1. Tell me which residues, restricted to region 72-102, are touching a strand residue (DSSP E or B) at 6+ places or on another chain (Cβ under 9 Å), touching a residue at least 24 places away in the same chain (Cβ under 8 Å) and small (Gly, Ala, Ser).
2. Would you please name the residue that is surrounded by the most Cβ atoms within 10 Å (Cβ to Cβ), looking only at residues in region 80-108 that are among the hydroxyl-bearing types (Ser, Thr, Tyr) and farther than 17 Å from ALA69 by Cα?
3. If I filter region 42-79 down to residues being under 16 Å from ALA2 (Cα atoms) and surrounded by fewer than 14 Cβ atoms within 10 Å (Cβ to Cβ), which single residue comes out as modelled with the highest pLDDT?
4. Among the residues of region 3-17, write down those that are surrounded by 14 or more Cβ atoms within 10 Å (Cβ to Cβ), out of contact with any Lys or Arg (no Cβ under 8 Å at 6 or more places or on another chain) and not in a loop (DSSP other than H, G, I, E, B).
Amino acid sequence: MAVTAKARQLVFDRDGRMCANCGVDDMLTIQHRMNRGMGGSKTRDGYENLMTLCYWCNGRLESNAEFAAIGIDKGWKLRSWDDPLKVPVFFAFDGWYYLTADGRRGKR
């Protein structure tokens, strides 16, 4: 199941309608910080697990091991044992934030 249009808009708004890495404001996508896995687990569609990346940065995060390691360091990509509520996210033009289950973010 895909992220709903309502959730997508809330995440884009929360993240300033720009890519967390490079700051572009077009071709935006929703990044699942923790992969949904085969079958697409709905439990991974919580706001704390969703963030905004552009098409290009999202693609690099999934296809380039070096960039994926940077993504882990910056909270854009999580390991299976990480808790999205406890791992902050780095927004290149705004700093570090924790993402909340209700779709907000709090300064680290």
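The values are calculated or read from the model by the stated rules, or taken from the named source; none is laboratory data. This is a predicted model, so every value here is computed, not measured. Counting neighbours? That spans all protein chains shown, and the Cβs are built from the backbone with ideal geometry, glycine included.
1. GLY75
2. The qualifying residue surrounded by the most Cβ atoms within 10 Å (Cβ to Cβ) is TYR97.
3. Selected residue: THR43.
4. The answer is ALA7, ARG8, LEU10, VAL11, PHE12.
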